[in-house]
Amino acid sequence: QVQLVESGGGLVQAGGSLRLSCAASGSIYSIYAMGWYRQAPGKQRELVAAAPTGGSTIYADSVKGRFTISRDNVKKTVYLQMNSLNPEDTAVYYCNAQIRPIFGPTNDYWGQGTQVTVSS
């Protein structure tokens, strides 16, 4: 079975940095995209950054210039380097991937979520 396991969240002061990691594993035929979403309490889940396979990365306007998404295709891992963090970045961050399993249809998969808290 396919799963995503993420790590790297924590508590950081404003202006600090964190790096999130998310590794895909299981009976995977192909990964078409990997990315990051976040959700604050009472707010909608929003796309933070995405990295389509062979395509251009995209970023939410609120994180452009501060966050960088990258992928290691050998490790089937996506990273989110977060710099110049501010309290508005506080949320649960979820890894997402569009994956075709060896058997079955292509589907979206989600990590378990990791809390990022930025204090002022």
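The values are calculated or read from the model by the stated rules, or taken from the named source; none is laboratory data. If you're wondering where the values come from, they're calculated on a predicted model, not measured in any experiment. Using ideal geometry, Cβ is built from the backbone for each residue, glycine included, and neighbour counts are taken over all protein chains shown. These area figures cover heavy atoms from the full protein model, side chains too; ligands, DNA and RNA do not enter into them. Shrake-Rupley method; radii C 1.70, N 1.55, O 1.52, S 1.80 Å.
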Fill in the blank from the handout: Counting only residues that are in contact with a Ser or Thr (Cβ under 6 Å, 6 or more places away or on another chain) and either among the basic types (K, R) or open to solvent by less than 30 Å² (accessible area, probe 1.4 Å) (or both), region 1-20 contains a total of 1
Fill in the blank from the handout: The strands (runs of 3 or more DSSP E) lying wholly within region 1-73 that contain at least 1 residues that are in contact with a Phe, Trp or Tyr (Cβ under 8 Å, 6 or more places away or on another chain) are 3-7, 18-25, 28-39, 46-52, 67-72
Exercise for the section: Might you let me know whether region 87-94 holds any residue that is among the β-branched types (V, I, T), in a loop (DSSP other than H, G, I, E, B) and free of Cβ contacts under 8 Å to residues at least 40 places away in the same chain? Expected result: no
Practice task
May I ask you to verify whether P105 is within 16 Å of V2 (Cβ to Cβ), outside any strand (DSSP E or B) and over 11 Å from the mean Cα position of the chain (by Cα)?
Solution key: yes
Practice task
Look at K75 and say whether it is touching a residue at least 24 places away in the same chain (Cβ under 8 Å), open to solvent by 70 Å² or more (accessible area, probe 1.4 Å) and over 19 Å from S7 (Cβ atoms).
Solution key: no
Fill in the blank from the handout: Pairs returned, first residue in region 34-52 that is surrounded by fewer than 21 Cβ atoms within 10 Å (Cβ to Cβ) and of a type outside the set (D, E, K, R), second residue that is assigned to a strand (DSSP E or B) and modelled with pLDDT under 95, beta-carbon separation under 8 angstrom, 6 or more apart or interchain, are none
Problem - Whichever residue in region 81-109 is open to solvent by 40 Å² or more (accessible area, probe 1.4 Å) and of a type in the set (V, I, T) and, among such residues, is nearest to G15 (Cα to Cα) - result: T90
Handout entry: Among residues of region 1-33, those that are without any contact (Cβ under 8 Å) to a residue 60 or more places away in the chain and within 21 Å of S84 (Cβ to Cβ), counted
Key = 1
